[in-house]
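To keep things clear, I will list the structure first and then write my remarks on it.
The values are calculated or read from the model by the stated rules, or taken from the named source; none is laboratory data. Predicted model only: the values in this text are computed from it and were never measured. We place every Cβ from the backbone using ideal geometry, glycine too, and count neighbours over all the protein chains shown. These accessible areas exclude ligands, DNA and RNA; they are computed on the full protein's heavy atoms, side chains included. Shrake-Rupley method; radii C 1.70, N 1.55, O 1.52, S 1.80 Å.
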Amino acid sequence: MSMKETDRRWLPAERDALASEAIGGPSLTYWQDCWHRLCRNKTALLSMVVVVIVVLSAIFVPMFWPYSYEEQDLRYANIPPELEIYDLGGNSFVYVTSDYKCIDTDGSGHLLGASTLVKDDKAGRTYLYEINGKDLLVDYGVYFRAKSEFITQEAAHGDGSPVTVAEVEYLREYYGEDAPETVSLREAEHILEDKIDRFRVFYDGAQITPAKTVLNKTYIWGTDSLGRDLFIRVVYGARVSLLVGVVAALVNLVVGVLYGGIAGYFGGAVDNIMMRIVDTISSIPMMLYVILIMVVLGSGLHSIILAMGLTYWVGMVRIVRSQVLTMREQEFVSAAVLLGVPTRKILVRHLIPNAMGPIMVALTMQIPSAMFTEAFLSFIGLGVSKPQASWGALANAALPSLYTSPYQLFYPALIMSITILALNLFSDGLRDSLDPRLRK
């Protein structure tokens, strides 16, 4: 072999070939890699932002809001978030409540106070107010008078014969000059229920109608049956629900992780005895715990927290125990035992940190579960005491006025649904990011 051929065999490698073997990116720790994969999950990231907004709102909004959750003003009971206001001229407006009371407002939707009541005629079903030196009359007997007329016609024409329009005042008013001679009883009932006003407003002798619909600037989400601000009560309800969720998570993290780790590491008779205790606790319904605790300590948030503290950690115990049972036979645990590492350090420094993925997922999924449980208990009357507010208690209080004031149920149900959905979606994304089998 010639010298020239030998030199050709030992030529320097191309730079491109060396670059192909270089590490493409910086080295990441396990938690850094999990964070990067979580950030790539847009749904989980958006859910985390929603949860952060709810948490910050629950903490800071009550500090500067002008109303407290227990402050009552019966003049403003059942005021909706949108107002149909009447223009009285001279930049003077009024709003008529669901119980036919007048509230002075401005043109942008701020409530200024109750109008000056001059006369309450219960027999004639009218309210007389004096505004700007003129009389304003709210006649809320319109429907009742029409209903009385219909009952009379129903008794007279029960055989199916037609109703004479000229004999019924509310039919004459509805049809006007083009009124037919007769209508069926069913048509008369349809007009009564769907076409007749529940009340009429007269100002200075002339009937007026709502001028415009504006947003309620004083109470942005309206008020409840006692005139309390619904927005701040929903925010305060978030405080209660999040507090219950965080307490349940802390109990899970401390009691459930340590209890499950000890049971899984020692195994044998120790594991058998400890798990039978868990089975006994989980076999008793939590509702029974709540009732028994309320008999002893009384109703309130402390009873719910104590009941959840007694029961919610058993699910975490099983998860941690299964993880520790799997890892205790691995080589790094055997090496730690041979080196004389104490059992406490093996659990705290080796086994539990390696099980943090499933632990974190179970922890985040337990928070919405605890929040929903608290809402359910408050809804059935086993939760917070009045006047404290929680989402379940607000939903329960909204039921009597569901048809007349549906917003009182809509807002707490909406915020509770959004928060629990966001927590569940975030826990799903966290599970995917913590699972090493999903690495690409």
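Some points to look at:
- Of LYS134/LYS217; LYS147/LYS212; LYS101/LYS147; LYS101/LYS122, those spanning more than 19 Å from alpha-carbon to alpha-carbon: LYS134/LYS217; LYS147/LYS212; LYS101/LYS147
- Put simply, when 355-364, 304-313, 386-395 are sorted by average Cβ atoms within 10 angstrom per residue, most first, you get 386-395, 304-313, 355-364.
- Here the accessible area of the chain is 60 percent carbon and sulfur, with a 1.4 angstrom probe and all protein chains present.
- Counted by Cβ distance under 12 Å from ARG233, the other residues give a net charge of -1, where Lys and Arg count +1 and Asp and Glu count -1.
- Computed from point charges on the beta carbon alone (+1 for Lys and Arg, -1 for Asp and Glu), the dipole magnitude for the chain about its Cα centre is near 3080 Debye.
- ASP87/LYS42 FRET efficiency (R0 35 Å; Cβ-Cβ; nearest 0.05): 0.15
- Ordering 265-274, 228-237, 41-50 by mean Cβ neighbour count within 10 Å, with the highest value first, yields 228-237, 41-50, 265-274.
- Packing-based ranking, highest mean first, of 94-100, 164-170, 410-416 given that Cβ atoms within 10 Å are counted: 410-416, 94-100, 164-170
- Residues of the chain: accessible area per residue with a 1.4 Å probe, Å²: 56 Å²
- The calculated 222 nm mean residue ellipticity attributable to helices in the chain amounts to -17000 deg cm²/dmol, summing -39500 (n - 2.57) over DSSP H runs of n ≥ 4 and dividing by all residues.
- Among [x] 39, 22, 21; [y] 32, 27, 21; [z] 67, 31, 22, the entry that matches semi-axes √(5λ) of the Cα gyration tensor in Å as calculated here: [z]
- When both the range 101-137 and the range 267-314 are represented by their alpha-carbon centers, they are found 56 Å apart.
- Between VAL254 and THR182, the contour length at 0.36 nm per residue exceeds the Cα-Cα span by 18.1 nm.
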